[in-house]
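The values are calculated or read from the model by the stated rules, or taken from the named source; none is laboratory data. Note that the structure is predicted; figures quoted are calculated from it, not measured. No Cβ is skipped: glycine too gets one built from the backbone with ideal geometry, and neighbour counts run over all protein chains shown. When the accessible area is computed, the model is the full protein with side chains, heavy atoms only, and any ligands, DNA or RNA have been set aside. Shrake-Rupley method; radii C 1.70, N 1.55, O 1.52, S 1.80 Å.
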Amino acid sequence: MSRTLVIGDIHGGLRGLTQLFERARISANDKLIFLGDYVDGWSESAQVINYLIQLEERQQCIFIKGNHDAWCIDWLAKGIVDEVWFIHGGKLNMESYKGISHSVKQKHLNFFDRMKDYYVDQHNNLFIHAGFSSMHGPEKERYSSNYSWDRTLWEMALTMDNRIKKDSAIYPKRLLLYNEIYIGHTPTLYYNVDVPMQGCNVWNIDTGAAFSGRLSCLDIETKEFWQSDTLQSLYPNEKGRNKQPKAN
C-alpha cells in the first residue's frame, strides 16, 4: 500500500533519518515530502544530501527548500558565509564538506536548485517550509523569502479561536485556501511539545531535531507518525545547535 509521508527538518542528522526510515518502514511505494532544512546542526549535512540524492533515484520524493538550505546554497555557489548562519549550524555544515570534491559539491548545488519553494498536491494540501503572508496564497506572495522564514501563518493557526466559524468574515483567509497545510521551521519544542503539532488545519512536523528533539514523519492520510531517538543520543559527542540560544 502506498502512503504519502511528510518529513520534518533534518538538520544534518543522517543517523536520525535512517533510523526514522527503519521505524516507519519506508518502502519504494511511499511518496515522501520533505519540508526543508536538510543541513546545519549535526555533523553530517553533506552526507544527508548524498543520501537524499540517492533516495530520489529510487522513489517519488518532493523536496521543499528551507532557510538553512538557502544559506548553504549561498556558501556553496558564491562563498558567502552569513554570520547568523555560521553560528547556527553553518560552521558544522562547512566542516561536513571538507574533502568533498568540486564535482560532488556541484551535484549538491544542482539538487538544491531542483527544490521547490512549496508544493500543492491533488487534494489541495500545501507543503511549505515556513509559511506565506499573502491572503491569496504563496503563488501571489510578494516576498519569496516568506516561504522559508514566515512564522505568522503558524502562530495564527496555533492561537486561532476555534469558536469562529469558517464562514465568518473574520476567519483568516489564508487558512481557507487549502485543505491542510504542512510546515516545518518552528520547532515544536518552543511550546514544550516533542511530537507533531496541529493548529486549525496547519500541521507542524519540525519536532526539534536540530536541538534536543527527534526527527519525525507523518502519514498525511491517517495522521500516524514515527520518530527517531533524540538526535542528542544519536550524536553523543556533539551539541548540534543546543549550545546556541533559540534562533531561526
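Rounded if a/c is under 1.5, else prolate if a/b beats b/c, else oblate: with a ≥ b ≥ c from the C-alpha gyration tensor eigenvalues square-rooted, which is region 70-119? Walk me through the intermediate numbers first.
Working: a/c = 2.02, a/b = 1.13, b/c = 1.79.
Verdict is oblate for region 70-119.
Hey, which lysines would be in cross-link range of K105, C-alpha to C-alpha under 23 Å, not counting anything within fewer than 8 residues on its own chain?
Partners found: K65, K78, K91, K116.
Once Lys and Arg get +1 and Asp and Glu get -1 on their Cβ, which of I49, I33, T18 lies farthest toward the positive end of the dipole of region 1-129?
Of the candidates, T18 comes out farthest on the positive side.
Taking Cα extents along the principal axes in Å as the quantity of interest, determine which of (i) 63, 36, 28; (ii) 58, 40, 33; (iii) 67, 41, 35 was computed from the displayed structure.
(ii)
Using Cα pairs under 8 angstrom and six or more residues apart, how large is the relative contact order of region 90-248, in percent?
Working: 231 pairs, mean separation 24.4, N = 159.
Dividing the mean separation by the residue count of region 90-248 yields 15 percent.
How many Å² of accessible area per residue for the chain, probe 1.4 Å?
So the chain comes to 46 Å² accessible per residue, rounded to a whole number.
Between S134 and Q106, what length in nm is gained on full extension when 0.36 nm per residue of separation is reduced by their alpha carbon distance? Let's see the in-between values first.
Numbers: separation 28, 0.36 × 28 = 10.08 nm, distance 3.40 nm.
This chain segment gains 6.7 nm when fully extended.
Apply the a/c threshold of 1.5 to the C-alpha gyration tensor of region 50-140 and tell me whether it is rounded, prolate or oblate.
Working: a/c = 2.67, a/b = 1.43, b/c = 1.87.
Judged from the Cα gyration tensor, region 50-140 comes out oblate (a/c at least 1.5, b/c at or above a/b).
Kindly state, to the nearest 0.05, the FRET efficiency for R151 paired with S233, given R0 = 25 Å and r defined as their beta-carbon distance.
Working: r = 28 Å, r/R0 = 1.13.
Efficiency computed from Cβ-Cβ geometry: 0.30.
Would you mind working out the magnitude of the charge dipole of the chain relative to its Cα centre, with +1 at each Lys and Arg C-beta and -1 at each Asp and Glu C-beta, to the nearest 20 Debye?
Details: 28 positive and 30 negative charges, 21 e Å.
Using only the charged Cβ atoms, the result is roughly 100 debye.
Nearest 500 deg cm²/dmol is fine: what mean residue ellipticity at 222 nm does the chain get from its DSSP H runs of n ≥ 4 alone, each adding -39,500 (n - 2.57), divided by its residue count? Write out the running numbers ahead of the final one.
Numbers: 9 runs with 73 residues, N = 248.
Rounded to the nearest 500, the figure is -8000 deg cm²/dmol.
Please report the carbon-and-sulfur percent of the accessible area for region 48-151; probe 1.4 Å, protein heavy atoms only, DNA, RNA and ligands left out.
Details: 2580 of 5280 Å².
Carbon with sulfur: 49 percent of the solvent-accessible area.
Can you give me the Rg/Rh ratio for region 197-241, using Cα atoms for both radii and the Kirkwood formula for Rh? Don't skip to the end; give the middle numbers.
Working: Rg = 12.3 Å, Rh = 11.5 Å.
Rg/Rh: 1.07.
Nearest 20 debye, what's the magnitude of the dipole of region 1-112 about its Cα centre given +1 on Lys and Arg Cβ and -1 on Asp and Glu Cβ? Present the calculation step by step, with values, prior to reporting the outcome.
On the way: 12 positive and 13 negative charges, 72 e Å.
The dipole magnitude comes to about 340 debye.
List the lysines whose alpha-carbon lies under 20 Å from that of K173, not counting same-chain residues fewer than 8 positions away?
K140, K165
Assigning unit charges at the beta carbon (Lys, Arg +1; Asp, Glu -1) and nothing else, what dipole magnitude in debye, to the nearest 20, does region 166-248 show about its Cα centre? Could you put the intermediate results ahead of the total?
Values: 9 positive and 9 negative charges, 92 e Å.
Approximately 440 debye in magnitude.
With a 1.4 Å probe and every protein chain left in place, tell me how much accessible area K105 has, in Å² to the nearest 10.
Here the residue's solvent-accessible area equals roughly 60 Å².
Quote to one decimal, in nm, the extra length available between I80 and R163 on full extension: 0.36 nm per residue of separation minus the C-alpha distance between them.
Details: separation 83, 0.36 × 83 = 29.88 nm, distance 4.78 nm.
Working it through step by step, the gained length comes to 25.1 nm.
Kindly sort S43, S228, S2 by accessible area of their heavy atoms, largest first, with the probe set to 1.4 Å.
Numbers: S43 40, S228 0, S2 85 Å².
Of S43, S228, S2, the descending order of accessible area is S2, S43, S228.
Roughly how many whole Å is it from the C-alpha centroid of region 94-126 to that of region 127-152?
Between the Cα centre of region 94-126 and that of region 127-152, the gap is 19 Å.
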